[in-house]
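Below: the structure, in structure tokens.
The values are calculated or read from the model by the stated rules, or taken from the named source; none is laboratory data. All figures in this text were calculated on a predicted structure; none of them were measured in a lab. Note that each Cβ is placed from the backbone with ideal geometry, even for glycine, and that neighbours are counted across all protein chains shown. Note: areas computed on protein heavy atoms with side chains; ligands, DNA, RNA excluded. Shrake-Rupley method; radii C 1.70, N 1.55, O 1.52, S 1.80 Å.
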Amino acid sequence: MPRTTRLSSSLLRAAAAAGVAALTLTACGSGSGSGSGSSSAGSGDVKVGLITKTDTNPFFVKMKEGAEKAAKAEGVQLMTAAGKFDGDNAGQVTAVENMVASGVKGILITPSDSKAIVPAIEKARAKGVLVIALDTPTEPQSAVDALFATDNLKAGELIGEYAKAAMKGKTAKIAALDLAPGVSVGVQRHNGFLKGFGATDKDVACAQDTGGDQSKGQTAMENCLQKEPGINVVYTINEPAALGAYTALKAKGREKDVLIVSVDGGCTGTQAVKDGKIAATSQQYPLKMAAEGVKAVVTYAKDGKKASGYTDTGVTLITDKAQDGVTSKDTGYGLENCWG
């Protein structure tokens, strides 16, 4: 993915104050690297802001593409930005402030810190800016006007139900490769998996945080195998963590007898399902989240009608080894609808 020059927050403020519709913030997502944001779609009078956790993670790259396509179709300007790293609340706060100063009608944001971003959002809304959370809810959810996102609890439930069915009554020794403490998306997926499997945290033999990173996923799996060599079911927060787990299992000759399930539905992850590295994944749709968000801001700009509440943007279980009683689609469908 191309890298771009990093600008300081002071230069960003200057650019916004001058009315330049371009924000450039650094980004470092579940992988690593830097990225940029710019008003790259549409040329109308209405400005829409998109702030992601990173613009290098394929999930957010696809989200940005969806917003750009929708902005172009609607004839509006799109401004984009991201933090310096996943969890960079200060960077997102700066982006919100700059976008408000630049006159955006609405801001679409994937909060890096669901609680800490709330004061900046409240200030933006007080100035008449529509704020919609994408993918990740704020805490409280009512801090934004609306939420367009995957039902992450359901995404977890689907892979939990699948794993339970696939075990066919065998005793499960579960490893949970999670995101990070207190992050709502991670908590919901984890809890959903346990609910779908019919288990509780007491049934988890080993739990490790991975930050959704592949190398950390590998290390976490190695640690879990040391703690409990008999692990036979692995829940992972996302597909990079799942592929890290697969690498660790393969190194021990265990890749054939351990069931790995995940969430995301990126093209790399879906291909890994087809290749047999991941048994099943819950596919979500970031392009749809962003496109619907842009349309909501345009509607607000035209007639003052605000989007509200929660809009479920859908989730589909993808596997080539269907299980009785668990609704799923194969990797042919998954690869047609994947992102990244």
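Within this structure, Asp330 fails the test of being crowded, with 16+ Cβ neighbours inside 10 Å, over 21 Å from the mean Cα position of the chain (by Cα) and under 24 Å from Gly169 (Cα atoms).
Taken over the range 206-222, the criterion of being closer than 21 Å to Leu158 by Cα and among the aliphatic types (A, V, I, L, M) is satisfied by Ala207 alone.
Screening Val297 against (1) more than 19 Å from Thr210 (Cβ to Cβ); (2) open to solvent by 10 Å² or more (accessible area, probe 1.4 Å); (3) over 20 Å from the mean Cα position of the chain (by Cα) leaves a single unmet condition, (2). Checking Leu134 against (1) open to solvent by less than 60 Å² (accessible area, probe 1.4 Å); (2) hydrophobic (A, V, I, L, M, F, W, C); (3) farther than 25 Å from Tyr285 by Cβ, only one condition comes out false. Which one? Unmet for Leu134, out of (1) open to solvent by less than 60 Å² (accessible area, probe 1.4 Å); (2) hydrophobic (A, V, I, L, M, F, W, C); (3) farther than 25 Å from Tyr285 by Cβ: (3). Of the residues contained in the range 293-313, none is found to be within 23 Å of Lys173 (Cα to Cα) and of a type in the set (A, V, I, L, M, F, W, C). Here is the figure for the range 197-215: residues that are part of a loop (DSSP other than H, G, I, E, B) and either of a type in the set (S, T, N, Q) or at pLDDT 95 or above (or both) total 4.
Among the helices (runs of 4 or more DSSP H) confined to the range 1-109, the ones with at least 1 residues that are under 18 Å from the mean Cα position of the chain (by Cα) and at pLDDT 80 or above are located at 58-74, 89-101. Apart from one condition, Ser142 fits all of (1) open to solvent by less than 60 Å² (accessible area, probe 1.4 Å); (2) of a type in the set (S, T, N, Q); (3) over 18 Å from Met79 (Cβ atoms); the exception is (1).
For the range 231-246, indicate whether the set of residues that are closer than 22 Å to Val185 by Cβ, hydroxyl-bearing (Ser, Thr, Tyr) and open to solvent by 40 Å² or more (accessible area, probe 1.4 Å) is non-empty. The answer is no; no qualifying residue exists.
Every residue, every condition in (1) open to solvent by 10 Å² or more (accessible area, probe 1.4 Å); (2) of a type outside the set (Asp, Glu); (3) in a loop (DSSP other than H, G, I, E, B); (4) at positive phi, yes or no:
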| position | (1), (2), (3), (4) |
| --- | --- |
| Thr138 | no, yes, yes, no |
| Leu153 | yes, yes, no, no |
| Ala163 | no, yes, no, no |
| Lys170 | yes, yes, yes, no |
| Ala175 | no, yes, no, no |
| Gln188 | yes, yes, no, no |
| Lys195 | yes, yes, no, no |
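Every test in (1) assigned to a helix (DSSP H, G or I); (2) open to solvent by less than 30 Å² (accessible area, probe 1.4 Å); (3) without any contact (Cβ under 8 Å) to a residue 40 or more places away in the chain; (4) in contact with a Leu (Cβ under 9 Å, 6 or more places away or on another chain) is passed by Gln218 save one, and that test is (2).
Selection of the range 283-308 for residues being over 19 Å from Leu50 (Cα atoms) and touching a Leu at 6+ places or on another chain (Cβ under 9 Å) yields only Gln283. Being in contact (Cβ under 8 Å) with a residue 24 or more places away in the chain, over 16 Å from the mean Cα position of the chain (by Cα) and outside the structural domain of Gly186 (by the TED database): is that true of Lys302 here? Taking the combined requirement at face value, the residue does not satisfy it.
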